């Protein structure tokens, strides 16, 4: 399930002046109920308005708002019917642009493949095509639809289009909360396209300043930090890794670390002995922790929820549900010995299980048996990871290679081939650098996207830390590398 | 009081006149005295003479084209009947008598032509009695008729010879006929001789004249009074002597009737005919000439002898005051009471003569600045005003429920304007009422989120009728005691007719808020560092992300990757602090940086900032004020023309006037900078404007983007601003064009 940042005005406080007509008064009442979160009553009032005053502008607004509410209630069929009514009754209304945006968003939400995403993009592009700036200069739905369309272009690998559309939002649309989002996307896509660095730095730094204290500002700063670590510093002789130090040694004493994952500014760690899963901040504070049975490798899913692998389940320990996976043999055969897993862009899962360690298991839904995706010459898959664009990376110990697939699980290509004794874990940072942990040599390796080994480090790290039994590796949004070692009582962060 | 118009040469009397009235031009000079043309007026319409004359002319024309004689006689009979009773009355106007003579002459000729000699002879007799001087030969009579006419004349007329005429310009009338020369033919018998001339005792006597004889008579009038003659410009002026009305100047003098010296001095137009005052007594008199709207003309007359006195033509001076404008700009256009006027200038002084009363003066200097005031001016008063043109803020209206708030706002605006010393407030509320009404502007429309107002049309009207630079409408809340409101502001053409709505709180310190709003003085230059500091959590200080080739940072030896530990002794932990420091520094200022290089070496670096052009951020301030700032900058010549035009274009584009933006951008030739803000930004903005105009300009827009993309390293907004080329390439891609 893609949760790109398409916000469909659910929280918008609508306010229309009470101008006196019956339709206006009815709309004002429906809006009042809506703002008071009495959604059922609001929907009734909107429906009454739609039925009684079908041709009025208020009815168009009511249709759009009703569709948004229905989608929020997971009734996408009702939402689609309302959107269709909008299209037929009010083809040129600004409210219909909101309907089209919602239709595109729902299509993104339902997408099960890159082709579905491309189709959703087509729907979204109806908004800028049908409601141009000349006639609708302040239409927020157009800006939001463009951002979503640009994000899809980014996921589809059409970077030039993503860059262009993000720019059009940032420069041509009235300033809004989507403006910074568009600029950040512009920067990400430009980086993915290997564009000149200075313009990207300028955009990111401007967003750090303009959005200080906000998530988007922190995100921009993380990107700048990443670029400093990976591009600017090394270009003037700064080592890829300058230091190694214990991470959260005083706040989170580990007994048998089994895995680590990192997001933009959060780290999740699992411990099989305690047993627990915990989320730490980059400031080494423990934000939350909970007990979990036989936890193994964690990851951050696309919705930015921490998730982890247990022996036979996928767990979202902080507000999610335990998911039991079936084996390829059928529903009655639960999958056990899950080694690693990650979610994909489409609400599905990719897993590696000990019993099926020569294939990747793709679950479109967890209740159905998975599809087996066989990679070239893989016999002992150890880890799977996903990058920003939804591409899958799989580490095979036997062939000592890293494979990359597109978000649909196609296009198997080897992006790194090492000389590893016992390759254990894989991480991808946001610039596409591969990090491979070889527990046999207790080393960490860094590879670029073209398969060139850039750095090897371990077992003795700068700062006097020695890796003993490293089991997992992660990279946060700012480029810091985290190592989980079963024999160390703390995580190690490489910087 | 007799008032007459002389038709004979005047006797020249040169006597001194002491002229007491200030500014009087009255002097008596010999060459100023001139002859007058005799004029006899008749009430033609009352007598029908003109109609009768026309009828005779028509009859003559008909006779030439073959009119039957009988028919002609009937018509002539009617004419004679109409004139008959009056023709023998000597008091009748001469025209009537002359016309009767003409009619009788024609009828006599026709009688003769049809053989009615008796009828002809009767008319000849009457003809001679009516007009003894008439000569029948002009009607081409038959020889016999003419012979009879001559014979009759010999027996019925004589001549009167006048000798020793004193004064020469007296008027002589014999039996009502004016005498021209010294001989006149009259009907034999007793004739009435009359002689008159102002200042003289009138003579009237009967004289016997015998047929075919000449009778001589001496004519010498006795002087009994002085005479004063005068003419005025303009006419219809009342003339008072010693406070008593003695007449008014009438008519229009022919140029030839005016003294040559006077016409040379004053021109010949517009003078009245001469007014003759002949019952003035000897002695000293006060003369006053008055006419509404003109200053009274006063002088003292010394009438010491029985002579003719003539004032030189009196030119009445209109009542007026004088407004002197000081420090008047060379390009100033001045409106007096709303009307554009040509002004008499001497350097930076401008002089306006005005009628006494209340006047408004507006001075517009260039396209942007105005100065205006309202003042009262009395006759002969000179008011000096120092012109201090400022950007004109024209208050058109105040809407809302709080009447007091309107007055307070006007006060606040006045105070704020005074505090800024950059604006002048022109309160046009009364004049704008109907204009705003016509535009559909009222409380309700202004409170709507998107008021349905044709701002362009409104702007056109206010530009024309109530010109200013920035127009302002204030809108308060509904409350009786308004606590907040909005200022709706837009700028004069060619600026965008799209108003900004600036919120204003009335319960805090609105004057300070308005002052702050109006006092913004954006610059079109800013310091240039050529350094892009960024934040990184990998280090404790900002790190240099990029260095502009050829920029100040590079010149100082800075390189990407250097940490900026401190600026001017202050430790740095955020790039924003560094950028703020660079933004607020003076151009050409040197800032001292503590740097840590990637190898860990700390060093002190002097970074001498450069100075580069910059663009305004149209979203950072009301557009109208940005336009005002540009106008000020342009006037001070504080920025190159391309930069001002570029900013204007950006404002136009922001205000959804892409065509206006394209017009400006097409003409801009900025520096073709490979690193910094210059022509690439112009191309890029041109591309955006062309796209905004319409799909048909996509190709032209692509061409502009291609040019922009071709200038690597070029920046937008300022030398340290966003990069142009990546944006231009993105735009090209969006247009489906290949990128360079």
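The values are calculated or read from the model by the stated rules, or taken from the named source; none is laboratory data. All of these numbers come straight from a predicted model, not from anything done at the bench. FYI the Cβ positions are ideal-geometry reconstructions off the backbone, even for glycines, and counts take in every protein chain you see.
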I'd like to verify a number: residues in the stretch A:303-312 that are within 18 Å of residue A:258 (Cβ to Cβ) and either at pLDDT 70 or above or within 17 Å of the chain's Cα centre (by Cα) (or both), how many?
5
Every residue in the stretch A:211-239 that is more than 15 Å from residue A:197 (Cα to Cα), at the interface with chain B (Cβ under 9 Å from one of its Cβ atoms) and not in a helix (DSSP H, G or I), please.
A:212, A:237, A:238
Residue A:91 fails exactly one of (1) away from chain B (no Cβ under 14 Å); (2) more than 23 Å from the chain's Cα centre (by Cα); (3) assigned to a helix (DSSP H, G or I); (4) surrounded by fewer than 24 Cβ atoms within 10 Å (Cβ to Cβ), namely (3)
The lone exception for residue B:482 - which of (1) assigned to a loop (DSSP other than H, G, I, E, B); (2) surrounded by fewer than 21 Cβ atoms within 10 Å (Cβ to Cβ); (3) away from chain A (no Cβ under 14 Å) it fails:
(2)
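For the structure I just gave you, tell me whether residue B:229 is out of contact with any helix residue (DSSP H, G or I) (no Cβ under 8 Å at 6 or more places or on another chain) and buried (at least 17 other Cβ atoms within 10 Å of the Cβ). Before you say what the answer is, go through the steps one by one.
Numbers: out of contact with any helix residue (DSSP H, G or I) (no Cβ under 8 Å at 6 or more places or on another chain): yes; buried (at least 17 other Cβ atoms within 10 Å of the Cβ): yes.
Against the criterion (out of contact with any helix residue (DSSP H, G or I) (no Cβ under 8 Å at 6 or more places or on another chain) and buried (at least 17 other Cβ atoms within 10 Å of the Cβ)), residue B:229 qualifies.
Can you pull out the residues in the stretch B:518-545 that are in contact with a helix residue (DSSP H, G or I) (Cβ under 7 Å, 6 or more places away or on another chain), under 20 Å from residue B:590 (Cβ atoms), more than 10 Å from every other protein chain (Cβ to nearest Cβ) and in a loop (DSSP other than H, G, I, E, B)? Break it down stepwise before answering.
Within the stretch B:518-545, the subset in contact with a helix residue (DSSP H, G or I) (Cβ under 7 Å, 6 or more places away or on another chain) is B:518-522, B:524, B:526-538, B:542-543, B:545.
With the extra rule that they be under 20 Å from residue B:590 (Cβ atoms), the set shrinks to B:526-533, B:542.
Still in the list and also more than 10 Å from every other protein chain (Cβ to nearest Cβ): B:526-531.
Within the stretch B:518-545, B:529, B:530 qualify.
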Looking at the stretch A:252-259, can you tell me whether even one residue there is at pLDDT below 95, within 12 Å of chain B (Cβ to nearest Cβ) and exposed (fewer than 15 other Cβ atoms within 10 Å of the Cβ)?
no
One residue is enough: does the stretch B:666-689 have a residue meeting the conditions within 11 Å of another protein chain (Cβ to nearest Cβ) and more than 30 Å from residue A:191 (Cα to Cα)?
no
Within the stretch B:614-626, can one find any residue that is more than 14 Å from chain A (Cβ to nearest Cβ), modelled with pLDDT of 90 or more and farther than 27 Å from residue A:200 by Cβ?
no
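Only residues that are buried (at least 18 other Cβ atoms within 10 Å of the Cβ) and either at positive phi or touching a residue at least 40 places away in the same chain (Cβ under 8 Å) (or both): list them for the stretch A:328-338, please.
Here is the first cut: in the stretch A:328-338, the residues buried (at least 18 other Cβ atoms within 10 Å of the Cβ) are A:335, A:338.
The one that is buried (at least 18 other Cβ atoms within 10 Å of the Cβ) and either at positive phi or touching a residue at least 40 places away in the same chain (Cβ under 8 Å) (or both): A:338.
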Breaking point among (1) on the phi > 0 side of the Ramachandran plot; (2) surrounded by fewer than 22 Cβ atoms within 10 Å (Cβ to Cβ), for residue B:676
(2)
Exclusive hit being at the interface with another protein chain (Cβ under 10 Å from one of its Cβ atoms), in a loop (DSSP other than H, G, I, E, B) and touching a helix residue (DSSP H, G or I) at 6+ places or on another chain (Cβ under 6 Å), set B:712, B:730, B:692
B:712
Just one of A:265, A:242 is within 23 Å of residue A:342 (Cβ to Cβ), touching a residue at least 60 places away in the same chain (Cβ under 8 Å), touching a helix residue (DSSP H, G or I) at 6+ places or on another chain (Cβ under 9 Å) and at the interface with chain B (Cβ under 10 Å from one of its Cβ atoms); which is it?
A:265
Residue B:460 fails exactly one of (1) under 38 Å from the mean Cα position of the chain (by Cα); (2) more than 14 Å from every other protein chain (Cβ to nearest Cβ); (3) modelled with pLDDT under 75, namely (3)
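Specify which of the listed residues (B:506, B:498) is in contact with a strand residue (DSSP E or B) (Cβ under 9 Å, 6 or more places away or on another chain), in contact (Cβ under 8 Å) with a residue 60 or more places away in the chain and surrounded by fewer than 20 Cβ atoms within 10 Å (Cβ to Cβ). Explain how you work it out, then say what you get.
Working: B:506 fails: surrounded by fewer than 20 Cβ atoms within 10 Å (Cβ to Cβ).
That would be B:498, the only listed residue that is in contact with a strand residue (DSSP E or B) (Cβ under 9 Å, 6 or more places away or on another chain), in contact (Cβ under 8 Å) with a residue 60 or more places away in the chain and surrounded by fewer than 20 Cβ atoms within 10 Å (Cβ to Cβ).
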Any residue in the stretch B:591-606 that is closer than 13 Å to residue B:523 by Cβ, away from chain A (no Cβ under 14 Å) and buried (at least 21 other Cβ atoms within 10 Å of the Cβ)?
no
Need at least 2 residues that are closer than 28 Å to residue B:270 by Cβ per element, so show me which strands (runs of 3 or more DSSP E) inside the stretch B:293-383 make the cut, counting only ones lying wholly within it.
B:297-303, B:308-310, B:321-326, B:332-336, B:339-341, B:344-346, B:349-354, B:357-365
Name every residue in the stretch B:546-576 that is part of a helix (DSSP H, G or I), surrounded by 17 or more Cβ atoms within 10 Å (Cβ to Cβ) and within 14 Å of another protein chain (Cβ to nearest Cβ), in order of residue number.
B:553, B:575, B:576
How many residues of the stretch B:271-293 are within 39 Å of the chain's Cα centre (by Cα) and buried (at least 16 other Cβ atoms within 10 Å of the Cβ)? The answer is 11
Pairs, please: C-beta under 6 Å, at least 6 apart or cross-chain, first residue free of Cβ contacts under 8 Å to residues at least 40 places away in the same chain and in the stretch B:110-132, second assigned to a loop (DSSP other than H, G, I, E, B)?
B:112/B:142
Restricting to the stretch B:109-122, give me the number of residues that are in a helix (DSSP H, G or I) and over 14 Å from residue B:56 (Cβ atoms).
9
Residue match in the stretch B:513-529 (condition: surrounded by 15 or more Cβ atoms within 10 Å (Cβ to Cβ), within 41 Å of the chain's Cα centre (by Cα), over 18 Å from residue B:617 (Cβ atoms) and at pLDDT below 80):
no
With the checklist (1) surrounded by fewer than 15 Cβ atoms within 10 Å (Cβ to Cβ); (2) in a strand (DSSP E or B); (3) touching a residue at least 24 places away in the same chain (Cβ under 8 Å) in hand, flag the one item residue B:611 doesn't pass.
(1)
